[in-house]
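J.: Sharing a structure here in structure tokens format.
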């Protein structure tokens with residue numbers, strides 16, 4: 001019996017947990033993560049909203065909220081903490097780091113309208129406060145190296161949002177997003193995984209350099225409204241034998 005348990009333990013695959021804002025994020029990227037991570041198990045948690053913009057979270061409790069999401073995945077899939085190689089969160093920046101003066105009044109903008117140089121909104125003061133709160137939470141998460149004490153954690157961004165990066169549509173309507181996600185999930189077939197990696201890692205929107213440098217870039221000027229992502233760093237740095245701690249340089 002002991003030898004059987006040792007064999008089973010040796011055969012157990014490590015798991016990666018992906019935390020995403022919406023189901024369209026999962027639909028868009030899931031199959032590509034699965035192909036890239038063929039030697040791992042991928043598990044997902046959908047927040048059904050932007051946890052970093054939610055009024056229910058703060059800079060003081062955001063890590064706790066993310067930890068609870070990771071704990072829920074562990075319970076749902078009956079994982080052991082020692083089975084988890086990495087927890088990955090993908091967030092939209094939504095222009096959180098732009099200067100306050102780049103938030104402009106527009107009495108017809110019932111919902112924020114994102115441009116590469118400004119956010120147009122009917123509630124300028126409310127948007128300024130949202131950005132200040134959101135950036136405080138993002139600062140907390142980007143400087144968090146582990147979740148639940150010993151699970152490696154990484155925060156990657158889509159700026160200004162996933163639809164902007166993948167489809168160049170920063171203001172995609174809710175009823176558009178599912179169709180766009182389905183389309184992207186089929187864009188690169190199993191034989192074209194290299195094309196997907198080139199798209200994510202070698203496009204004009206791919207932010208290169210170290211992890212911290214990629215966040216400094218996002219915090220600069222209006223870059224958090226631009227068509228940029230540092231998700232390429234996940235694919236560039238992660239793999240069998242990779243020392244994850246080295247990614248924090």
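J.: Filter segment 116-144 down to residues that are surrounded by 15 or more Cβ atoms within 10 Å (Cβ to Cβ) and at pLDDT below 95, then give me how many there are.
T.: Total satisfying the criteria: 0.
J.: Give 96, 69 a once-over and let me know the one that is at pLDDT 95 or above, within 17 Å of the chain's Cα centre (by Cα), surrounded by 17 or more Cβ atoms within 10 Å (Cβ to Cβ) and farther than 24 Å from residue 171 by Cα.
T.: Being at pLDDT 95 or above, within 17 Å of the chain's Cα centre (by Cα), surrounded by 17 or more Cβ atoms within 10 Å (Cβ to Cβ) and farther than 24 Å from residue 171 by Cα holds for just one of 96, 69, which is 69.
J.: Name every residue in segment 33-48 that is in contact (Cβ under 8 Å) with a residue 60 or more places away in the chain, farther than 15 Å from residue 90 by Cβ and either touching a strand residue (DSSP E or B) at 6+ places or on another chain (Cβ under 9 Å) or in a helix (DSSP H, G or I) (or both), in order of residue number.
T.: Result: 35, single match.
J.: Just checking, does segment 104-123 include any residue being in a helix (DSSP H, G or I) and touching a strand residue (DSSP E or B) at 6+ places or on another chain (Cβ under 8 Å)?
T.: There is no residue in segment 104-123 that is in a helix (DSSP H, G or I) and touching a strand residue (DSSP E or B) at 6+ places or on another chain (Cβ under 8 Å).
J.: While we're looking at this one, here's another question. Of all residues in segment 100-115, which are surrounded by 14 or more Cβ atoms within 10 Å (Cβ to Cβ) and touching a residue at least 24 places away in the same chain (Cβ under 8 Å)?
T.: 102, 103, 113, 114, 115
J.: Going by the structure shown, is residue 158 within 20 Å of residue 49 (Cβ to Cβ) and touching a residue at least 24 places away in the same chain (Cβ under 8 Å)?
T.: yes
J.: Quick check, is residue 51 in a loop (DSSP other than H, G, I, E, B) and under 27 Å from residue 136 (Cα atoms)?
T.: Yes.
The values are calculated or read from the model by the stated rules, or taken from the named source; none is laboratory data. It should be emphasised that the depicted structure is a prediction, and the values quoted were computed from it without experimental measurement. Positions of Cβ are backbone-derived with ideal geometry, glycine not excepted, and every protein chain shown enters the neighbour counts.
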